[in-house]
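Only one structure is covered here, and it is reproduced in the block below.
The values are calculated or read from the model by the stated rules, or taken from the named source; none is laboratory data. None of these values were measured; they are calculated from a predicted model. Quick reminder, even Gly has a Cβ in these numbers, built from the backbone with ideal geometry, and neighbours come from all protein chains shown. Heads up: the accessible areas ignore ligands, DNA and RNA and are worked out on the full protein's heavy atoms, side chains in. Shrake-Rupley method; radii C 1.70, N 1.55, O 1.52, S 1.80 Å.
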Amino acid sequence: MLIEVLILGANGWRCPLTAVAARYTDDRRDNFDIYLPEWLARHNKTIFGAWFVLGLLLTLGCWLQQPR
C-alpha cells in the first residue's frame, strides 16, 4: 500500500495508467479508465483511503490491547 500511495503521490494523485488509457479514447468521465460506477470512481481514493485508515487504526487498537 505504501508503494502505491508513493506512486500516486508522485503522479499528482492520478494513476499512471490513466495516461495510457487516455491514448485510446476521447472519453474523460471519472470512470473512463476503471470499471466502477461514475460516482464511486470520482470518490474512490477518499472512500477506500478512509476504510484503509480505519482498518489501520482498528489494528493498532487491537495490537495495543494485547496483554504483554
Please give the contour-minus-distance gain from residue 42 to residue 25: 0.36 nm per residue of separation, less the Cα-Cα distance, rounded to one decimal in nm. 4.3 nm
Using the heavy atoms of the protein chains alone and a 1.4 angstrom probe, what is the accessible area of the chain per residue in square angstrom? 89
Would you work out what percent of the accessible area of the chain, with all protein chains in place, is carbon or sulfur (probe 1.4 Å)? 66
Hull volume in cubic angstrom per residue (convex hull over the Cα atoms of the chain): 100
Could you calculate the FRET efficiency of residue 17 with residue 65 from 1/(1 + (r/R0)^6), where r is the beta carbon distance between them and R0 is 35 Å, rounded to 0.05? 0.30
